[in-house]
């Protein structure tokens, strides 16, 4: 299956549990279409570089997805319909970006 990396920004007035519910809903849509969410990385509440839809902050979430194109179309359709998501972007990647902390831990384990 093709690998994708998707970042979404949710509204600042949501709680962390509401953001997790949004991610869970989108993950279920991907699973229904035959894909899987490999990793979810919550970055938390961050300042935006500029105002988007009258928001100065947003909850950032990065999803690593392994799925067919039809699953990504459904995921993006649901993201567009959800009013709590102010921005999202999905890109096709060859390999998922690894976490630097994991790499350092692996190197220390090998030494």
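Might you check whether a residue that is without any contact (Cβ under 8 Å) to a residue 40 or more places away in the chain, touching a helix residue (DSSP H, G or I) at 6+ places or on another chain (Cβ under 7 Å) and surrounded by fewer than 15 Cβ atoms within 10 Å (Cβ to Cβ) occurs anywhere in region 18-34? Within region 18-34, one or more residues are without any contact (Cβ under 8 Å) to a residue 40 or more places away in the chain, touching a helix residue (DSSP H, G or I) at 6+ places or on another chain (Cβ under 7 Å) and surrounded by fewer than 15 Cβ atoms within 10 Å (Cβ to Cβ). Scanning region 35-63 for residues that are touching a helix residue (DSSP H, G or I) at 6+ places or on another chain (Cβ under 9 Å) and on the phi > 0 side of the Ramachandran plot gives a single hit, 44. The condition (being under 17 Å from residue 22 (Cα atoms) and part of a strand (DSSP E or B)) is satisfied by just one residue among 72, 65: 65. Considering only region 87-99, I want to know if a residue exists there that is in a strand (DSSP E or B), closer than 12 Å to residue 19 by Cβ and at pLDDT below 95. Within region 87-99 (the criterion being in a strand (DSSP E or B), closer than 12 Å to residue 19 by Cβ and at pLDDT below 95), the answer is no, since none of the residues qualifies.
For residue 9, the stated conditions hold: it is in contact (Cβ under 8 Å) with a residue 24 or more places away in the chain, in contact with a strand residue (DSSP E or B) (Cβ under 8 Å, 6 or more places away or on another chain) and within 19 Å of residue 97 (Cβ to Cβ).
The set of residues in region 17-60 that are within 10 Å of the chain's Cα centre (by Cα), within 21 Å of residue 1 (Cβ to Cβ) and part of a strand (DSSP E or B) comprises 37, 39, 40, 41.
The values are calculated or read from the model by the stated rules, or taken from the named source; none is laboratory data. These numbers come from a predicted model, not from an experiment. Note that each Cβ is placed from the backbone with ideal geometry, even for glycine, and that neighbours are counted across all protein chains shown.
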